[in-house]
1. Given the criterion modelled with pLDDT under 90 and out of contact with any strand residue (DSSP E or B) (no Cβ under 9 Å at 6 or more places or on another chain), identify the matching residue among A33, A11.
2. Would you be able to tell me the number of residues in the range 44-79 that are modelled with pLDDT of 95 or more, touching a Phe, Trp or Tyr at 6+ places or on another chain (Cβ under 9 Å) and surrounded by fewer than 21 Cβ atoms within 10 Å (Cβ to Cβ)?
3. Filter the range 36-64 for residues that are under 28 Å from N109 (Cβ atoms) and touching a residue at least 40 places away in the same chain (Cβ under 8 Å) and give the result.
4. Taking the criterion of being in contact with a strand residue (DSSP E or B) (Cβ under 9 Å, 6 or more places away or on another chain), hydroxyl-bearing (S, T, Y) and assigned to a helix (DSSP H, G or I), would at least one residue in the range 42-54 satisfy it?
5. Take the residues of the range 118-135 that are part of a helix (DSSP H, G or I) and of a type in the set (G, A, S): which is nearest to R43 (Cα to Cα)?
6. Condition test on K85, is it more than 24 Å from T29 (Cβ to Cβ) and charged (D, E, K, R)?
7. Taking the condition part of a loop (DSSP other than H, G, I, E, B) and closer than 18 Å to E100 by Cα, does E18 pass?
8. Determine, yes or no, whether R111 is over 17 Å from A47 (Cβ atoms) and in contact (Cβ under 8 Å) with a residue 12 or more places away in the chain.
Amino acid sequence: MKQALLRGFGASYLTGAEAPVDMPDDVVTLCVASDQPEATAIRLSIAYAKRRFGYRQIDIARLCGWRQDNHLSSYAKGAAYMPVKHYDRFAQVTGCNLREQVQQRIALNARLNGKETENKREEAALLLMLEVAPAEQRRVA
């Protein structure tokens, strides 16, 4: 049933022909400077999808797999946080990676300001170390 909803409706990136795009650094900075960076990023991503593809908020919610747009409204207002499992689909539907870029900038700022915990630093170092290991030798714990 979801296949019928996606067929003939939406942008080419839903079929894998075009990946979600990164937003300019100034937009990321604007989001991070706000009181609720993730909510601001979600609102701007929704506005981007509306202007670029002509979606309504309910269209975005349905393409993300929700029947109603109340979850999306809560995320955009900052009343709730979007679960990690919805990140990729939201980026695909809106066509932009702004929410992810904002999260990366927040983590980078925390690291630069010395507010990152030792566990987070060690996890980041471990991930960098695993990137240089040959793919066939990697194991996920």
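The values are calculated or read from the model by the stated rules, or taken from the named source; none is laboratory data. Predicted model, so just to flag it, every value in this text is computed and none were measured. Positions of Cβ are backbone-derived with ideal geometry, glycine not excepted, and every protein chain shown enters the neighbour counts.
1. A11
2. Residues flagged as modelled with pLDDT of 95 or more, touching a Phe, Trp or Tyr at 6+ places or on another chain (Cβ under 9 Å) and surrounded by fewer than 21 Cβ atoms within 10 Å (Cβ to Cβ) within the range 44-79 amount to 0.
3. Selection gives Q36, P37, E38, T40, A41, I42, L44, S45, I46, Y48, A49.
4. Residues of the range 42-54 in contact with a strand residue (DSSP E or B) (Cβ under 9 Å, 6 or more places away or on another chain): 44-45, 48-49, 52.
If we keep only those that are hydroxyl-bearing (S, T, Y) as well, we get 45, 48.
Subsequent filtering for residues that are assigned to a helix (DSSP H, G or I) retains 45, 48.
Yes, some residue in the range 42-54 is in contact with a strand residue (DSSP E or B) (Cβ under 9 Å, 6 or more places away or on another chain), hydroxyl-bearing (S, T, Y) and assigned to a helix (DSSP H, G or I).
5. Among those that are part of a helix (DSSP H, G or I) and of a type in the set (G, A, S), it is A124.
6. On the way: more than 24 Å from T29 (Cβ to Cβ): yes; charged (D, E, K, R): yes.
When the stated conditions are applied, K85 passes them.
7. Working: part of a loop (DSSP other than H, G, I, E, B): yes; closer than 18 Å to E100 by Cα: yes.
Judged against the criteria, E18 is a match.
8. Yes; evaluated as a whole, the condition is true for this residue.
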